[in-house]
Each structure stands twice: as structure tokens, then as C-alpha cells.
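Input: a single structure, listed below in C-alpha cells.
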Amino acid sequence: MNSVCVLLSAARTLLTSFIEPAAEAIEYQSVFFDVSGGGTREYPITDYEGPPTPEKDMKWYELINGKSLEFLFMSTTNIDAVGMMALTPEMNATLKWATQPAGEDDPTPLIQLDVFHQLHCLNAIRNIVYGTNEFYNPDDRQDQIHVDHCLDYIRQVLMCHADVTPLVHKKRPEGYNPVLAPWVPNFYTEHTCRDFWKIHDWAAKYNTSGFVIETWPGLDPVAELRVGDLGHGHEGHNPV
């Protein structure tokens with residue numbers, strides 16, 4: 001085994017130690033990014049861009065929490081929910097750091113996969129940017145902390161992953177402009193990505209905890225559901 005293979009093997013072992021127990025869900029694939037912003041508000045390129053609508057809010061909710069509609073509305077059956085994972089003893093033993101049990105009367109260890117927390121933060125900022133978060137109060141200390149946390153957390157995530165995919169340039173589509181460069185970045189670029197939907201399916205398989213990361217769009221998380229720290233960790237039942 002040459003030195004390159006040894007280094008790759010060591011890196012893979014180190015990475016696995018940090019991402020257990022979800023390592024089995026990781027699979028890489030080539031993905032061409034959609035050119036978001038290349039359409040119009042009426043006809044966007046993706047289902048997630050543009051000002052919030054009930055349909056877009058549903059799409060974002062399903063990214064973060066899965067299709068857990070019936071479960072969220074006081075059902076006893078979890079319908080493809082993601083968010084909080086209930087670990088088996090074997091999975092719990094692989095954690096690098098200890099986690100907390102589900103509750104005083106439930107010793108089941110719970111974790112979140114950070115990708116869903118990251119999407120939750122981005123979704124919170126999305127609604128604030130478009131002015132559609134009716135529960136956000138810019139003068140409220142807790143809301144201020146949540147926004148500051150989310151913005152800086154996303155910064156850390158981007159710097160951690162540090163995507164070095166080359167963005168090549170293409171000619172400026174509107175033609176020559178003396179005050180602008182003659183080119184623009186070509187965002188339709190191939191990336192090597194983890195298969196998000198495979199991870200999503202894995203997370204849904206193990207979310208038997210009764211918790212979701214976000215409440216249903218339009219519900220006040222404080223009034224309708226039990227809320228965890230700084231708006232994280234909403235319980236999908238037991239309204240208060």
C-alpha cells in the first residue's frame with residue numbers, strides 16, 4: 001500500500017469516527033447544481049427559491065422534517081419523519097461524545113443529524129429575509145440569539161466543508177458592458193455530493209422519538225408545541 005492509500009485510509013477512518021452512526025447512509029454522487037435565480041419569480045428554476053408560498057413552505061418543511069403530517073398532528077404513527085434520531089444501544093456506543101435521553105421517563109438516546117439543523121437555520125433566515133416569519137420579533141432577545149446563531153453556524157459549516165469545486169466562467173449573457181467584467185460565473189457546475197435523499201431516508205427510518213426539528217409552517221412553536229433550546233427540538237405531540 002503506497003503512502004497516498006495509507007493517508008486516504010486514515011482520513012476515511014477518522015471521518016467515520018465523527019459521523020457514526022450515520023456512516024452507513026453515506027454515498028457519493030455527481031450532481032450538477034441548478035442555476036438558482038436563472039428563472040423568474042413566476043417560473044423559478046427550483047422548488048425552493050423565491051418568496052415563500054404554501055407550496056414552497058411545504059417543500060422546505062419536508063427537507064427538514066420529512067413527510068410527517070399525520071404524525072405531527074397528534075397521530076401515534078410516524079410517517080417518514082426525519083429530525084431527531086432514536087438510537088439503538090449499538091448505535092449509541094459508536095458516538096464520540098455522550099448524548100441525552102429522550103426524557104426523564106424515556107432513556108432512549110437521541111441525536112440530530114446536523115444537516116437538518118443547518119437546513120432549519122437556513123429556513124429561518126429565508127423567512128426573515130422575505131419578511132414572512134410572523135413569529136419573529138427583532139426586539140426579542142431569544143429571536144436575536146437564534147438569528148445570530150444561525151448566520152454564524154452556516155458560516156462555520158461552509159468554511160468546514162470548504163467546497164473547492166472550480167467555478168468556470170462564461171461570457172456575459174447580456175453582452176459587453178464597459179463597467180463590468182466580460183464574463184460571469186457558470187453556476188451549472190458538477191459537484192461531488194453526498195446523496196442527501198439517501199441520508200434523508202436513513203434518518204426517517206430511525207426517527208421514532210416523537211420529536212421534530214421544526215413545527216408545521218404557520219404554527220407558533222411557543223404556543224402550539226413544546227419547544228427546546230432556542231427554538232430547536234420541537235416535540236411532535238403533547239401540545240401545551
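One table, with the values for the structure above:
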item	result
Members of the range 119-148 found to be more than 23 Å from Phe196 (Cβ to Cβ), touching a helix residue (DSSP H, G or I) at 6+ places or on another chain (Cβ under 9 Å) and part of a helix (DSSP H, G or I), listed by number	Ile128, Gln142, Asp143, Ile145, His146, Val147
Of all residues in the range 131-154 being within 21 Å of Pro51 (Cα to Cα) and loosely packed, with under 12 Cβ neighbours inside 10 Å, the one that is modelled with the lowest pLDDT	Glu134
Test for Asp47: is it open to solvent by 30 Å² or more (accessible area, probe 1.4 Å) and either in contact (Cβ under 8 Å) with a residue 40 or more places away in the chain or outside any loop (DSSP other than H, G, I, E, B) (or both)	no
Qualifying positions in the range 164-190 - open to solvent by less than 100 Å² (accessible area, probe 1.4 Å), part of a loop (DSSP other than H, G, I, E, B) and charged (D, E, K, R)	Arg172
Close pairs (7 angstrom Cβ cut-off, 6 or more residues apart or separate chains): farther than 20 Å from Val35 by Cα in the range 166-181, open to solvent by less than 80 Å² (accessible area, probe 1.4 Å) anywhere	Leu180/Arg172
Criterion: at pLDDT 90 or above, among the aromatic types (Phe, Trp, Tyr) and part of a helix (DSSP H, G or I) - qualifying residue of Phe71, Phe116	Phe116
Conditions (1) closer than 25 Å to Thr53 by Cα; (2) open to solvent by 40 Å² or more (accessible area, probe 1.4 Å); number of the one not met by Arg126	(2)
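The values are calculated or read from the model by the stated rules, or taken from the named source; none is laboratory data. Bear in mind that the values here come from a model prediction, so they are computed numbers and not experimental data. Heads up, the Cβs are rebuilt from the backbone with ideal geometry, glycines too, and the neighbour counts pull from every protein chain shown. Just the protein is used for accessible areas: all its heavy atoms, side chains included, with ligands, DNA and RNA removed. Shrake-Rupley method; radii C 1.70, N 1.55, O 1.52, S 1.80 Å.
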